[in-house]
Amino acid sequence: MKTALAKTEKLEEQYQLATYKKMPIVAERGEGVWIYTSEGERYLDLYGGHAVAGTGHCHPHVVNAIKRQADELLFYSNLVYSEARARAAEKLVSVAPASLTKVFFCNSGTEANENAMRMARMATGRENVITFSGGFHGRTADAISATFLGKYREIGKPNVPGHLQAEFGDIESVRALADDSVAAIMLEPIQSMAGVRMAGPEFYQALRELCDEREIVLIYDEVQTGVGRTGEWFFAGSEAGEGVVPDIVTLAKSLGSGIPVGACLVTEKVASHIKENDLGTTFGGGMIAMAAVTATLEAIENDRMLANVRSVESYLRERLAEIEQLVQVRGRGFLLGLEFAGSAKPIHEALLAKKIITGTSSDPKVLRLLPPLCLTRNHVDEFVAALSEICQG
Ligand SMILES: Cc1ncc(COP(=O)(O)O)c(C=O)c1O
């Protein structure tokens, strides 16, 4: 008799394009930091399905809000007002830095970035966008053209014109490009896919000053760093980023706890350049997604997840110091890159064999952790015990 795993694997491989290398599990059910499989096994999820499960899997507050909304109205577009949309926009703006006062809802990270670049071009009347070596911004045409990481621009050919590459962390490389053709500077404030790379704190401040001086729109792509992941609501305005607030913040991933949703948070000044019909999307701002956004932000607040991230991060760092094979732990909060002396791939695989899901990155030596914000010290103990055993073996 074929197992459920074998059957599902066969069907997916027969009917779905093989665009992802999959782990040999069928995820059937989730609860908090746990994923339960078709074979009745339980996995500790330190990756959250590409950083989406911020509130954990199936947080009851989020699930109930989605169920309630599904009974009322699944969808209507932006042609009507919606209480669910009004509440989500108000809630999101209420947790954002004070100068980010308006929101545009869309459906994904790449769409948020496309719209952010478009808004910057509309606001300035200029075309070029500076992005950085190692940055990842999505796979649609303009966003992939802004992605100077690995093979992405190659995949996205022909690239959209108007993209310039600077070196992450090197303000002089930005200054050299920032002439009066430049509409925006866009960056992942912590470069996740590149292997969790941060710039020195002075870099963010210098970017802000440069943008002010040359009237360039500063965009933070917080698709990964946003919504509590770093132990603050956003990297924008946080201590780690020297309190710098950009003109636009883009969000997606964990914003809807698994319901697809993206957003651009913008200043009054940027908003003043955007008129009716300048931007649009059929599904953006749909009621189910909006209910998920409000409930996600409420769950983070109700369960005090930001404080949890900060305290469990420091415990995790303390415990990781025991592991000699670790060269460095990079990142902030629950966006962490564990750098090993050699390849991280066998460690990733050995952890999976011990039923712990982690992530890799484009840096072969870096293992990435993007766990739910409700991870506890006990889960950390379980992870560190498994990692020590693997490293010693
Ligand atoms: C920093 C960053 N920006 C943008 C994206 C694209 O988001 P999406 O896959 O929702 O289009 C990603 C996805 O991994 C990301 O990590």
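The Cα center of segment 222-253 and the Cα center of segment 103-159 differ in position by 18 Å. Against the chain, whose longest principal axis is taken from its Cα atoms, helix 109-124 shows a tilt of about 10°.
Loop only per DSSP, at most 13 neighbouring Cβ atoms within 10 Å: give me the GluC sites (Glu not before Pro) in segment 1-85, ordered by residue number. Spell out each step's value before the answer.
On the way: sites: E9, E12, E13, E28, E31, E39, E41, E72, E83; in loops: E39, E41.
For GluC sites (Glu not before Pro) across segment 1-85 that sit outside H, G, I, E and B with at most 13 neighbouring Cβ atoms in 10 Å, the list reads E39, E41.
Within the same chain, lysines fewer than 8 places from K2 are excluded, and of the rest, those with a Cα less than 16 Å from its Cα are K10.
For the chain, what does the helix formula give at 222 nm: sum of -39500 (n - 2.57) over DSSP H segments with n ≥ 4, over the residue count, nearest 500 deg cm²/dmol? Please report the intermediate quantities before stating the final value.
Details: 14 runs with 147 residues, N = 393.
Estimated from H runs of four or more residues: -11000 deg cm²/dmol.
The relative contact order of the chain comes to 22 percent, based on Cα pairs under 8 Å that sit 6 or more residues apart. If the elastic network links every pair of Cα atoms under 10 Å, which of V261, V63, V80 fluctuates the most in the Gaussian network model of the chain? Between V261, V63, V80, it is V80 that shows the largest mean-square fluctuation.
Against the chain, whose longest principal axis is taken from its Cα atoms, helix 60-72 shows a tilt of about 60°. Taking Cα atoms only, the orientation of helix 83-95 departs from the longest principal axis of the chain by about 90 degrees. Just to be sure I understand: of the beta bridges DSSP finds with both ends in the chain, what percent are antiparallel, rounded to 5? Bridges in the chain that DSSP calls antiparallel: roughly 65 percent.
When S272, S38, S254 are arranged by Cβ crowding within 10 Å, least crowded first, meaning fewest neighbours, the order is S272, S38, S254.
Every number in this text was worked out from the coordinates using simple rules, so none of it is lab data. The structure presented is a predicted model; accordingly, all values stated were derived computationally and were not measured. We place every Cβ from the backbone using ideal geometry, glycine too, and count neighbours over all the protein chains shown.
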